[in-house]
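These notes are about the structure you will find just below.
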Amino acid sequence: GYLNLAYYGDQAYGIEAAALHYFNVHASELNLTQAATLAGVVQSPSATDPRNNPTAAQERRDVVLDRMAAVGVISLEQAAAAKKPSVKSLLRIRESEGGNCAKSPEPYFCNYVIAYLKTLPVLGKNVDERNLAITRGGLRIKTTLRMDWNQEIVRDLRSRVPAGDPSGVGAAAAVVEPGTGKLLAMAQTSEYGQTKDNKSTVGLTTQSWVVPTAYGGTLGFPIGSTAKVFTLLTALENGYPVNGSVPAPKAGVGRANAHVFPPNIYKDGCGSPDAWYVSNDYQTRGPTETCRHDTANSINSAFAATMISLGGCKVQEMWKRLGAVDGAGKEVYPTPSNLVLGSGSMPPVTLANVYATLAANGKWCPVNPIESITTADGKSLKLPAVKCKQVLQPDIVAGADELLKGVITGGTGTTGIRGQAGFYKNAAGKTGTHEGHQQSWFVGYTPQLATAVYVGTPIKQREMDSIVIGGRYYPNVFGGTIAAPLWGT
């Protein structure tokens, strides 16, 4: 009975699942070497699972074989013969349909929650103890997910970007509650699974540092011009007026029409040793433009020049303050392109939480998917307090809100939310398009909700130009083309 419930690492629960997963045989068909290997794993499955830690698994296997010989279950000769093959050479990995969460109505969120639970000391001193509590403890776990919202978001996403679309384009969205960090929805267009075409167990919305397994998250995707919010906030903090102007060097489309920033122009260590070519989506006049115009129309050369005038390291510090990290939990590398134009990657959950900080008047909270945990005997476990902190002054946020509203009412997001801009007159947000139209975004927020919508090529990156998605032709895909209308929906 215990062997049928025990955890064997790498999302394999129970001896039958472990035998199939590691060796592609049924438990009844395990030979001595294989059986001893799995018996050795049970003591510490996270540290000795054969796939990720074959050397440790082999050491444990040999301990088991030695003990079997010592108590006379097998002979010394049998033990010696069973030790000869390396664990790594015996592996015949057979992927499951997606681990414990395969049958969940919300499998991507389920994986995220299980991985999050494994970080909570209240469930055990280490990962193995927490695994036992999660799988065998009879816990009643209430999450923050609004399942009705999530299902509706999936339908909306698939209405524009169908699952397994021949274009290779996928879509995802995450919704975070400002001021609490509660994760209310996380959806994506792919079907869940591993054994059929067009299925995936990789959560496009979540962070791989929270979900570090084969059923986990992603490093994210380049966030494009949604990154301009960090330069905008830094500028406002350093005295740039909402109704003022900023440097906006003349630049057009493509490298031949780009403005070139020389390597000696930077005032701190967050620059580039090479010339930086910055182009715009259309020809601009320069040499200055208003903050309102540049924000609403996402003028690359203006934000690049503003970042340089402020000092790139100040902008990098703003990234840190807002918890803006990639899916591995790593901070952005401070190249000008990463800091301003969003060449660095981020998952939708993290990006939604960045903008949720603005929606909460500058209060940042860590993302949290758990409301409560109750034990089998009805006792409520005391969860760690959500550690929110004020990272921006409300007057700075109010200035950013004013400028980011223009993206919806008269800027790059307006066309995509055609006919709805009036309805969203109190909302703010930002479009984002990665260079070459490979990835696109819209992040919008109100005081109640912050939502990041991603539309791009998550597996095989390609430019979304002259492309048919969901049976509809698009000459180019920008943040305002599909992501913004989906947000508006």
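Restricting attention to segment 128-153, the residues that are of a type outside the set (A, V, I, L, M), over 17 Å from Asp377 (Cβ atoms), in contact (Cβ under 8 Å) with a residue 40 or more places away in the chain and part of a loop (DSSP other than H, G, I, E, B) add up to 1. Screening the candidates Thr189, Thr195 for the property of being under 27 Å from Arg94 (Cβ atoms), modelled with pLDDT of 90 or more and either crowded, with 24+ Cβ neighbours inside 10 Å or of a type in the set (Val, Ile, Thr) (or both) yields one hit, Thr189.
In a residue-by-residue description of segment 449-470, the property of being of a type outside the set (Phe, Trp, Tyr) and without any contact (Cβ under 8 Å) to a residue 12 or more places away in the chain applies to at least one position. Every condition in (1) in a helix (DSSP H, G or I); (2) out of contact with any helix residue (DSSP H, G or I) (no Cβ under 8 Å at 6 or more places or on another chain); (3) not hydroxyl-bearing (Ser, Thr, Tyr) is met by Phe109 except one, and the failing one is (2). Considering every residue within segment 32-53, establish whether at least one is in contact with a Gly (Cβ under 9 Å, 6 or more places away or on another chain), open to solvent by 60 Å² or more (accessible area, probe 1.4 Å), over 14 Å from Arg92 (Cβ atoms) and in contact (Cβ under 8 Å) with a residue 12 or more places away in the chain. The answer is yes; a qualifying residue exists. Of the strands (runs of 3 or more DSSP E) lying entirely inside segment 241-360, those containing at least 1 residues that are free of Cβ contacts under 8 Å to residues at least 24 places away in the same chain are 259-261, 276-278. Kindly indicate whether any position in segment 351-363 is modelled with pLDDT of 95 or more, in contact with a Gly (Cβ under 8 Å, 6 or more places away or on another chain) and loosely packed, with under 14 Cβ neighbours inside 10 Å. No, the conditions are met nowhere in segment 351-363.
The lone criterion from (1) at pLDDT below 95; (2) surrounded by 23 or more Cβ atoms within 10 Å (Cβ to Cβ) left unmet by Thr306 is number (1). Going by what's in this entry, would Leu392 be described as within 23 Å of Gly311 (Cβ to Cβ) and either modelled with pLDDT of 90 or more or of a type in the set (D, E, K, R) (or both)? When the stated conditions are applied, Leu392 passes them.
Within the set Asp326, Asp268, Asp294, the sole residue that is among the charged types (D, E, K, R), under 14 Å from Leu339 (Cα atoms) and surrounded by 16 or more Cβ atoms within 10 Å (Cβ to Cβ) turns out to be Asp326. Of all residues in segment 361-377, those satisfying the criterion of being assigned to a loop (DSSP other than H, G, I, E, B) and at negative phi are Cys365, Pro366, Val367, Pro369, Thr375, Ala376, Asp377.
Applying the set (1) under 20 Å from the mean Cα position of the chain (by Cα); (2) modelled with pLDDT of 95 or more; (3) open to solvent by less than 40 Å² (accessible area, probe 1.4 Å) to Ala82 leaves exactly one unmet item: (1).
Given the condition surrounded by 17 or more Cβ atoms within 10 Å (Cβ to Cβ), over 30 Å from Glu177 (Cβ atoms) and touching a residue at least 40 places away in the same chain (Cβ under 8 Å), answer yes or no: does some residue in segment 106-127 qualify? No, there is no match, as no residue in segment 106-127 is surrounded by 17 or more Cβ atoms within 10 Å (Cβ to Cβ), over 30 Å from Glu177 (Cβ atoms) and touching a residue at least 40 places away in the same chain (Cβ under 8 Å).
The selection criterion, being of a type in the set (Gly, Ala, Ser), in contact (Cβ under 8 Å) with a residue 40 or more places away in the chain, in a helix (DSSP H, G or I) and surrounded by 17 or more Cβ atoms within 10 Å (Cβ to Cβ), does not hold for Ala57.
Only residues that are under 22 Å from Ala12 (Cα atoms) and either open to solvent by 70 Å² or more (accessible area, probe 1.4 Å) or more than 25 Å from the chain's Cα centre (by Cα) (or both) were counted across segment 141-163, and they come to 0. Return yes when Leu91 is in contact with a strand residue (DSSP E or B) (Cβ under 9 Å, 6 or more places away or on another chain) and either at pLDDT below 90 or open to solvent by less than 70 Å² (accessible area, probe 1.4 Å) (or both) and no when it is not. For Leu91, the condition - in contact with a strand residue (DSSP E or B) (Cβ under 9 Å, 6 or more places away or on another chain) and either at pLDDT below 90 or open to solvent by less than 70 Å² (accessible area, probe 1.4 Å) (or both) - is not met. Screening Ala69 against (1) open to solvent by 40 Å² or more (accessible area, probe 1.4 Å); (2) farther than 24 Å from Val127 by Cα leaves a single unmet condition, (1).
The values are calculated or read from the model by the stated rules, or taken from the named source; none is laboratory data. The shown structure was predicted, so the numbers you read here are calculated from the model rather than taken from an experiment. Quick reminder, even Gly has a Cβ in these numbers, built from the backbone with ideal geometry, and neighbours come from all protein chains shown. Calculation scope for accessible area: heavy atoms of the full protein, side chains included, ligands and nucleic acids excluded. Shrake-Rupley method; radii C 1.70, N 1.55, O 1.52, S 1.80 Å.
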